[in-house]
Amino acid sequence: MIDFAARTVGNGATTTHLTPKELDLLRYLTQHANEAVPHRELLQAVWGPDYGDQVDYLRVFIKNLRKKIELNPERPEYITTEPWIGYRFNGLPESL
């Protein structure tokens, strides 16, 4: 369960607070649910046009998001890696 207004995610019985960048990243992924979103697109959408090549930033934030929303972060179900492309959010799109 994602609560964008409260900046929290629910994972079973626990609720976890998201940082502003984690929230922005998760929002962008959910707006493009079930689509492979390229690294460069995610970086530029969340960090700005100067960050298209900073894939390490993205990896760190994806890892932290997975820890907060996945039941088993080592085997993610919601945020999956698309090899050589980027990441995919598997689920219902965010309703605008």
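Output the residues belonging to the stretch 36-82 that are touching an Asp or Glu at 6+ places or on another chain (Cβ under 8 Å) and open to solvent by 80 Å² or more (accessible area, probe 1.4 Å).
Residues satisfying the conditions are R40, L71, E77, Y78.
Which of the residues spanning the stretch 38-68 are under 21 Å from T8 (Cα atoms) and of a type in the set (A, V, I, L, M, F, W, C)?
Once the filter is applied, which keeps residues that are under 21 Å from T8 (Cα atoms) and of a type in the set (A, V, I, L, M, F, W, C), the stretch 38-68 yields L42, A45, V46, W47, L58, V60, F61, I62, L65.
Quick check, is L71 closer than 20 Å to T8 by Cα and in contact with a Gly (Cβ under 9 Å, 6 or more places away or on another chain)?
Yes: the conditions hold for L71.
Between a first residue in the stretch 27-38 that is without any contact (Cβ under 8 Å) to a residue 40 or more places away in the chain and over 12 Å from N90 (Cα atoms) and a second residue that is of a type outside the set (S, T, N, Q) and open to solvent by less than 40 Å² (accessible area, probe 1.4 Å), which pairs have beta carbons less than 7 Å apart while being 6 or more apart in sequence or on different chains?
Matching pairs, first to second residue: Y28/L42; Y28/V46.
Identify the single condition in (1) modelled with pLDDT under 95; (2) surrounded by 15 or more Cβ atoms within 10 Å (Cβ to Cβ) that Y87 does not satisfy, given that it satisfies every other one.
If we test Y87 against (1) modelled with pLDDT under 95; (2) surrounded by 15 or more Cβ atoms within 10 Å (Cβ to Cβ), just (1) comes out false.
Take the residues of the stretch 10-35 that are open to solvent by 60 Å² or more (accessible area, probe 1.4 Å) and touching a helix residue (DSSP H, G or I) at 6+ places or on another chain (Cβ under 8 Å): which is nearest to F61 (Cα to Cα)?
K21
The values are calculated or read from the model by the stated rules, or taken from the named source; none is laboratory data. Please read all numbers here as calculations on a predicted model, not as lab measurements. No Cβ is skipped: glycine too gets one built from the backbone with ideal geometry, and neighbour counts run over all protein chains shown. Ligands, DNA and RNA are stripped out before the accessible areas are found, and what is left, the full protein with its side chains, is counted by its heavy atoms. Shrake-Rupley method; radii C 1.70, N 1.55, O 1.52, S 1.80 Å.
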